[in-house]
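**Student:** Structure below; questions to follow.
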């Protein structure tokens with residue numbers, strides 16, 4: 001274990017993606033109800049296994065982490081997609097700080113993900129959105145991007161219910 005991991009910090013993978021681990025952890029903590037808890041070692045593991053990471057201001061203003069179908073990732077939401085689709089990119093989390101909203105940041109992050117996914121031969125993007133507690137801003141944003149509901153689940157161990165969304169991929173978000 002690295003010294004950074006012992007201190008609860010994410011380090012090696014964050015540098016690879018140009019993410020300021022402290023800023024990304026602070027952003028996630030401010031939106032934990034929507035995304036779930038995250039500490040330094042967990043962030044490093046997510047970033048190390050990611051297919052794509054997008055960040056604005058190093059993760060201070062926004063962060064998107066996505067996996068493809070080959071990831072070693074044990075999230076029940078990721079598993080739901082893996083059991084149903086042979087090839088996809090899965091957005092584990094996308095967070096935009098309130099001060100950065102309304103400026104097209106999330107659309108740019110998704111645009112970069114979609115372009116990379118299409119170049120890698122992926123034809124489907126997936127994500128989940130909380131339905132309980134609700135996340136109406138994310139619902140509206142993903143609907144504008146063309147995501148549609150593919151299923152739903154109740155996750156009592158996480159105190160949530162989610163809607164599973166998919167979108168056929170083209171380069172344009």
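**Student:** Given the structure, is residue 162 in contact with a strand residue (DSSP E or B) (Cβ under 9 Å, 6 or more places away or on another chain) and closer than 26 Å to residue 17 by Cβ? Write out each step before concluding.
**Tutor:** Working: in contact with a strand residue (DSSP E or B) (Cβ under 9 Å, 6 or more places away or on another chain): yes; closer than 26 Å to residue 17 by Cβ: yes.
In short, yes.
**Student:** From the list 85, 141, 67, pick out the single residue that is over 25 Å from residue 44 (Cα atoms) and not in a helix (DSSP H, G or I). Quick ask: steps written out before the conclusion?
**Tutor:** Details: 141 fails: not in a helix (DSSP H, G or I); 67 fails: over 25 Å from residue 44 (Cα atoms).
Sole residue among the options that is over 25 Å from residue 44 (Cα atoms) and not in a helix (DSSP H, G or I): 85.
**Student:** Please indicate, with yes or no, whether at least one residue in the stretch 46-57 is surrounded by fewer than 18 Cβ atoms within 10 Å (Cβ to Cβ) and on the phi > 0 side of the Ramachandran plot.
**Tutor:** There is at least one residue in the stretch 46-57 that is surrounded by fewer than 18 Cβ atoms within 10 Å (Cβ to Cβ) and on the phi > 0 side of the Ramachandran plot.
**Student:** Please specify each residue of the stretch 38-51 satisfying the condition of being in a loop (DSSP other than H, G, I, E, B) and more than 13 Å from the chain's Cα centre (by Cα).
**Tutor:** If we filter the stretch 38-51 for residues that are in a loop (DSSP other than H, G, I, E, B), which is where we start, we get 38-39, 50-51.
Answer for the stretch 38-51, where residues must be in a loop (DSSP other than H, G, I, E, B) and more than 13 Å from the chain's Cα centre (by Cα): just 39.
**Student:** Given the conditions (1) modelled with pLDDT under 95; (2) closer than 18 Å to residue 81 by Cα; (3) in contact with a helix residue (DSSP H, G or I) (Cβ under 7 Å, 6 or more places away or on another chain), and given that residue 164 satisfies all but one, which numbered condition is not satisfied?
**Tutor:** (1)
**Student:** Moving on. Are any of the residues in the stretch 115-124 closer than 22 Å to residue 59 by Cα, touching a residue at least 12 places away in the same chain (Cβ under 8 Å) and not in a helix (DSSP H, G or I)? Talk me through it step by step, then tell me what you get.
**Tutor:** Taking the stretch 115-124 and keeping what is closer than 22 Å to residue 59 by Cα, we get 115-117.
Right, trim to touching a residue at least 12 places away in the same chain (Cβ under 8 Å) and you get 115-117.
With not in a helix (DSSP H, G or I) added as a condition, the list becomes none.
No, there is no match, as no residue in the stretch 115-124 is closer than 22 Å to residue 59 by Cα, touching a residue at least 12 places away in the same chain (Cβ under 8 Å) and not in a helix (DSSP H, G or I).
**Student:** Tell me which of these residue 168 doesn't satisfy, since it passes every other one: (1) surrounded by 13 or more Cβ atoms within 10 Å (Cβ to Cβ); (2) in contact (Cβ under 8 Å) with a residue 40 or more places away in the chain.
**Tutor:** (1)
**Student:** Another question about this same structure. Can you tell me which residue is farthest from the chain's Cα centre (by Cα) among those in the stretch 144-165 that are in a loop (DSSP other than H, G, I, E, B) and surrounded by 13 or more Cβ atoms within 10 Å (Cβ to Cβ)?
**Tutor:** Residues of the stretch 144-165 that are in a loop (DSSP other than H, G, I, E, B), as a first pass: 145-147, 159.
Okay, now just the ones that are also surrounded by 13 or more Cβ atoms within 10 Å (Cβ to Cβ), so 145-147.
Numbers: 145: 15, 146: 17, 147: 15 Å.
The qualifying residue farthest from the chain's Cα centre (by Cα) is 146.
**Student:** Here is a follow-up. Are any of the residues in the stretch 67-75 touching a helix residue (DSSP H, G or I) at 6+ places or on another chain (Cβ under 9 Å), surrounded by fewer than 17 Cβ atoms within 10 Å (Cβ to Cβ) and modelled with pLDDT under 95? Lay out the reasoning, then the answer.
**Tutor:** At the first step, the residues of the stretch 67-75 found to be touching a helix residue (DSSP H, G or I) at 6+ places or on another chain (Cβ under 9 Å) are 67-69, 71-73.
This time we only want the ones that are surrounded by fewer than 17 Cβ atoms within 10 Å (Cβ to Cβ), so: 72.
From the residues that got through so far, the ones that are modelled with pLDDT under 95 too are 72.
Yes, the stretch 67-75 contains at least one residue that is touching a helix residue (DSSP H, G or I) at 6+ places or on another chain (Cβ under 9 Å), surrounded by fewer than 17 Cβ atoms within 10 Å (Cβ to Cβ) and modelled with pLDDT under 95.
**Student:** Find the residue count for the stretch 76-107, including only residues that are over 19 Å from residue 163 (Cα atoms), surrounded by fewer than 18 Cβ atoms within 10 Å (Cβ to Cβ) and in contact with a strand residue (DSSP E or B) (Cβ under 8 Å, 6 or more places away or on another chain).
**Tutor:** Final tally of qualifying residues: 2.
The values are calculated or read from the model by the stated rules, or taken from the named source; none is laboratory data. Note that the coordinates shown come from a computational prediction; the quantities given were computed from them, not determined experimentally. Cβ atoms come from the backbone with ideal geometry, glycine included; neighbour counts cover every protein chain shown.
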